[in-house]
Each structure stands twice: as structure tokens, then as C-alpha cells.
Ligand code: KG4
Ligand code: ZN
């Protein structure tokens, strides 16, 4: 990586994130401008509003971060920016801003996969936080965000083997839909966790127990059946007391909302934690890493902490502010990419869809890293996959 600070920019969804990193792990300044209030009225993200808000907030966020870090643009030695996946209009705002800065400052630019950012958030150190060892490989990483849910194995930096992914809704998306059904507003995750606090410690009554989709012993996830089960339960209870449907504004009493929020959270967390712990055990992982907005869920954190301690595996989950979208995580991944020799030119484009890891056997359309540790790890991962494919066929 070139010298100087790394400036990182995130604008893929509904948070404008800017951060300055000193080295691949240390945050020296950070700002996140949230658009939650802007989109709350619509009950979900309005893409055009999101793009305009990024444009509005990038400049003041950068000013704040520079002031925080006591730095100026002259201290910036490289720029990292989210290139996907996400809302194209929003991505383009961040990309244009980052390209202009990199060009104007004459420093290298790198495009980052947002999902890789969520994962590398586990490596970050806050300003003033004491040094701690990096997460040890091999590790199992769970990414649970509003748009993605998957589990990968990492044997080295920047190299992923997909273990499983959601076959329908992402975990965060499921929380958001359930939140709407229960009349809890947007985003649903924190609202459900809050409502469920009222029934904390109490097991869901057998009537309220919601299903879990185990999908055999695969590491895949499915949350749409759970959402449908919740919808049926809510609509039946509303109808039973003569209230209108949720669509027509019908709402259950607060105590029922709390009980169902608790049962829903329990069901999602149970599947996420069980599969992650099972993968860590089966693969002999030394570390479990978790990232994405849903990783700020306290029940999930608690369940994984207990399970990981039982297995003797380290668990690294960033503080909640680094689980939800932010610029620092893009810096953490971008720094590794730059160190591996990757840079982008002015043609860097936005990618609405960009899987971090693909199911074994699907054609690899990534541009492989060409040098350093990432190139070696990539070659090893390809060999391992070819081996596995050979065994599978035999
Ligand atoms: O990673 P993120 O900030 O944005 C995306 O990349 O999607 O994740 C946002 C998601 C939302 O679906 C939100 O409901 C969920 O994370 N979330 C939570 C919690 N905090 C945020 N879900 C469950 N419990 C939480 N405490
Ligand atoms: Zn995200």
C-alpha cells in the first residue's frame, strides 16, 4: 500500500460513510450520516432519495472526518470506495466522488465489494483501542445484512469458499418485513429486538413458536417460510377479535407484538447461530467472524458467544456501529486489496449485484489477484475447489 492515510467511502445503500484509516486496521476518523429518518415514512429505502442524500452528505462527512483525525487532504495516500453490490444511483455518487478525489490528489483508487467490507470490519481497531491480534485463520464468517446472508470459509486473506447462503430473503430483510407486519416501523431489526426485550428470558409459548428452516444439514438459509408463518398468525389473531388486516392498518396489542417479535427473533437467531457454530466445528475453524447489520443483534451475539466459548473458538463481532454500514469497513477491505496490488482506474463502475463467493462449480468471473499473499491464496483455493469437485464426481 502507498503511504499516507486511506480515505474510504461507502454509499451503497442508506448510510453515507466516510472514514480515514492509518494502516489496514486503525480508524483515525469516521462519520456515518444515516438516512433512517428520511426513508422511515415510506417504510423502506427510496432509491432516488438515497442517492440525493449521499450527494448532500458526502462533503460535510469528509470535513468532519478530516477535522476528527486532525488531518488534511494532503495526508491522504489512497482512496477506497464501495463499487457494489447496492443501489446503482447511490453507488455512482460515491464512486464519482472517490474518483475525483483520487484523481485530484494523484493517489491510487480501489473498488471494494461491500460484503467484503462487512467481513473485514472484524479487523478494525477504533481510535485509541488497544492493539489485539488479527482474527486467526482458518475462520468461518457469517455475513447477515439487509440484502445478503451467507456463510464462507476463509483460509487466508481475500479468499472465500462459500458454505451456504440464503435461498430467499436475507436475514435483515426478514426482520424488516416482520417489523412491518407487527407495525413496528423501519428498520425492523432494531425495532423487533427492542419489542422482544419485554419477553426476554421467557421461552415462546408453544402456540407462538415459529418454524425454523433447517434445509437438511446444508449451510443454506431460508426465511420466507418464517415470514409467511408470522403473517398467518398475525392475520388470524386480528380476524379473531374483529380487527382489520395488517394491510388495512390492523395492529395487535403491544403484549402480543412483543411475544411474536420475541418468537420471530428467536427463530432467526437459532438458525443463524446453529449453522455458524456447526460449520466452525466441522471445519476446525480457529475463529468465527460475523458482520452486517443483523450482527448488531444482541441475542445473536449472546448465542454465538456461548457456543464459541463451548467450542474453544474465538468470536469476533465488531461493535454495533461497525456492523451496520460504515466507511471504515470499506477501508479495512480496501487496504487489503491495495496491499495485494489491486487498483482501479477511472472506468471503475457500479455493480448492482456482486457476489463475494460463488457456489462451487459456477464459472469464476472475478479478476484474480496477481501478486502477493492474495494471489497465492487464490491459487490454493482454486486447487482445493478442483480437488473437492473431483472427489464429488468420484
Ligand atoms: O448491513 P446493513 O446496515 O445494510 C445492508 O448492507 O443491508 O444492514 C441493515 C439490516 C436491516 O435489515 C436491519 O433491520 C438489520 O440490519 N438490523 C438488525 C439490527 N440492527 C440492524 N437486525 C436485527 N437486530 C438488530 N439489532
Ligand atoms: Zn451493508
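The values are calculated or read from the model by the stated rules, or taken from the named source; none is laboratory data. Worth saying up front: this structure is predicted, and the values here are computed from it rather than measured. Backbone-built Cβ (ideal geometry, glycine too); neighbour counts: all protein chains shown.
In table form, for the structure just shown:
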read-out	value
Subset of segment 279-295 [surrounded by fewer than 20 Cβ atoms within 10 Å (Cβ to Cβ) and touching a helix residue (DSSP H, G or I) at 6+ places or on another chain (Cβ under 8 Å)]	281
Contacts under 6 angstrom Cβ, first residue in segment 270-287 being under 26 Å from residue 210 (Cβ atoms), partner in a loop (DSSP other than H, G, I, E, B), 6 or more apart	270/212; 271/212; 275/219; 279/219; 280/313
Close pairs (6 angstrom Cβ cut-off, 6 or more residues apart or separate chains): within 10 Å of residue 265 (Cβ to Cβ) in segment 185-207, within 16 Å of ligand 2 (Cβ to nearest atom) and outside any helix (DSSP H, G or I) anywhere	193/297
Residues of segment 191-246 classified as more than 24 Å from the chain's Cα centre (by Cα), under 17 Å from residue 258 (Cα atoms) and surrounded by 15 or more Cβ atoms within 10 Å (Cβ to Cβ), total	13
Tally, over segment 209-223, of residues that are in contact with a strand residue (DSSP E or B) (Cβ under 9 Å, 6 or more places away or on another chain) and either farther than 20 Å from residue 176 by Cβ or outside any loop (DSSP other than H, G, I, E, B) (or both)	5
Residue satisfying condition, being surrounded by 19 or more Cβ atoms within 10 Å (Cβ to Cβ), within 16 Å of ligand 2 (Cβ to nearest atom) and at positive phi, within set 86, 94	86
Residues of segment 313-325 satisfying the condition of being within 15 Å of ligand 2 (Cβ to nearest atom), more than 10 Å from the chain's Cα centre (by Cα) and assigned to a loop (DSSP other than H, G, I, E, B)	317, 318
Those residues of segment 260-312 which are away from ligand 1 (no atom under 16 Å from the Cβ) and not in a helix (DSSP H, G or I), in sequence order	284, 285, 286, 287, 288, 312
Residues of segment 82-111 classified as outside any helix (DSSP H, G or I) and within 23 Å of residue 170 (Cβ to Cβ), total	7
Positions within segment 112-136 being more than 16 Å from ligand 2 (Cβ to nearest atom), part of a loop (DSSP other than H, G, I, E, B) and either within 17 Å of residue 317 (Cβ to Cβ) or under 17 Å from the mean Cα position of the chain (by Cα) (or both), in sequence order	126, 129, 132, 133, 134, 135, 136
Residues of segment 1-25 satisfying the condition of being modelled with pLDDT under 95 and within 16 Å of ligand 1 (Cβ to nearest atom)	13, 14, 15
Top-ranked residue of segment 26-69 - restricted to ones that are modelled with pLDDT of 85 or more and assigned to a loop (DSSP other than H, G, I, E, B), ranked as farthest from residue 334 (Cα to Cα)	46
So residue 75, is it under 18 Å from residue 109 (Cα atoms), at pLDDT 95 or above and more than 16 Å from ligand 2 (Cβ to nearest atom)	yes
Residue that is at pLDDT 75 or above, under 20 Å from residue 139 (Cβ atoms) and out of contact with any strand residue (DSSP E or B) (no Cβ under 9 Å at 6 or more places or on another chain), where the choices are 374, 332, 357, 340	340
